[in-house]
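Data block below; observations after.
The values are calculated or read from the model by the stated rules, or taken from the named source; none is laboratory data. What you see is a predicted model, and the numbers here were worked out from it, not measured in a lab. Backbone-built Cβ (ideal geometry, glycine too); neighbour counts: all protein chains shown. Accessible surface is based on the protein model in full, side chains and every heavy atom, while ligands, DNA and RNA are left aside. Shrake-Rupley method; radii C 1.70, N 1.55, O 1.52, S 1.80 Å.
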Amino acid sequence: MIRAPRSLQNRLLLLVLSGVALVWLVTSVLTWFDVRHELDELLDGHLAQAAALLVVQQAQAPQAQEMEEDDGQGLDAPTLHRYAPKVAFQVFHEDRLALRSANAPVAPMVEAGKNFTSGFRTVQIKGMTWRIFAAQGAKRDVQVYVGEQVSSRNSILWAVLRSILWPVAVALPLLGLAVGWAVRLGVQPIRKLGRVLAERQPQALSPVAIDHLPDEMAPMIAALNSLFERIGLLLESERRFTADAAHELRTPIAAIRMQAQVAMGEADDALRNHALQGTLEGCDRATRLVEQLLSLSRLEAAESPVMATVDLRALAQRVVAEIAPKAIGKNQSLEFDASGLCIMPGNETLLAVLVRNLVDNAVRYSPPAARIRVAVQQHGGQLALSIEDSGPGLSEADRLRLGERFFRVTGSLESGSGLGWSIVRRIAAVHRLSIEVGRSTPLGGLAVRVVYEDSARR
């Protein structure tokens, strides 16, 4: 099995030269058949013309009978050219040989018989192949045979082909060198790209720039630069995650350590249990913070998530049921309002994270005995999720800063990192959802409205 060269340059060179050699071979074969056909036509024409001249000559020589030899042999024509032995002719008058060339036999070169017909024939004479043209006089008492050795035709054919094909054969090596030089010059930009990439530092993610770039390489360079850009964003996301985790985990870990130290040094059981409870709460806060950081990091690093058909009403109802025990623990009223199917395209896992963060924020930052209302409504091509509460709400300035990392409302007694809103806005951007934040008219607290517009049903 022939394996293709691994080098692109050698592969191109092999393909081009193979194509040139194949075209040359096919051209040679076609030339052979064409030249042979034309040569046969030409030489056959000469044979026919010579036979016609002999017929005319014999018709104008009534004394041909007198030129016959006593032994019944016709006169021999002289040999005037060095190629003459390859051509022979015979003239018969009344079935008797009247004239022949020196190399022609005495017997007719073609058996005539009673059914003599003019035309071309290929016969064997003394082991040699001859092309014979037979002609008959007007009175049908004269028969003329003119023949030529087929080997002489082949010699002429080879001479013609040599004159045509040998320059091409000599030019093939020169053509190979020229093609090799052209291919090497053509792949030079690829070699240059390899050198540029080999010289880059591992941390270098700037776009690759090469002067005089061929059009065929432009998509590859664009894809490579796009890859570098995505890798840069991924690395930046990882660095940001590391910095965020180190920054935010410092406080809960310090609080956990302090509570653990208090529990170790406290002799009173009630105070020790209180310190241990604070330790558990600190662990819960740290766990929630890590989960939010991981969620945000995955959102920023991932490309478009897999989308499917999601029933937002069922999804929101499930999330509200999961958070309800927490609201009940704070003596809050958590209401849910929806009717019918509320179908939209999206990633169910990410949409659940979005709804959970918004409802959890409402429960966490609303005071005890507050009222929280979650509703899913659909009007025409618009699908809206609204979360309203009767808490203190937010000022205009604070509402504008929602979504900033680690931004927390001043004076809030609840622990948090401010990452929840960053996650919500990132998920909304992925799903092309609009988020409206304002004050709830019926409840007086914060109102968040997430809207999906179905352009096909508008």
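In this structure, Q261 and E396 have a Cβ-Cβ separation that, at R0 = 56 Å, corresponds to a calculated FRET efficiency of about 0.85.
Note that region 166-234 presents 71 Å² accessible area per residue, ligands and nucleic acids not counted, probe 1.4 Å. log₁₀ I(q)/I(0) of region 104-155 at q = 0.13, 0.14, 0.15, 0.16 Å⁻¹, via Debye over equal Cα point scatterers, no solvent, to two decimals? Values, matching the q order: -0.32, -0.37, -0.42, -0.47.
Each peptide in 372-380, 129-137, 321-329 gets a packing score, the mean of other Cβ atoms within 10 Å over its residues, and the list from highest to lowest is 129-137, 372-380, 321-329.
Each peptide among 305-318, 158-171, 10-23 gets the average number of other Cβ atoms lying within 10 Å of its residues, and from highest to lowest they stand as 305-318, 10-23, 158-171. Take the Cα of L177, step 7 Å toward its Cβ, do the same at L53, and the gap between the two points is 5.0 nm. Shape class of region 175-225 from the Cα gyration tensor (axes a ≥ b ≥ c, square roots of the eigenvalues): prolate, since a/c reaches 1.5 or more and a/b is larger than b/c.
Subtracting the Cα-Cα distance of A369 and D215 from 0.36 nm times their residue separation leaves 48.6 nm of extension gain. The amide H of G393, built 1.01 Å from its N in the peptide plane, has L446 as neighbours under 5 Å, considering only residues 5 or more places off or on other chains. Would you list, by chain and number, the lysines whose Cα falls below 27 Å from the Cα of K139, excluding same-chain residues fewer than 8 positions away? Once the sequence-local lysines are set aside, what remains near K139 is K114.
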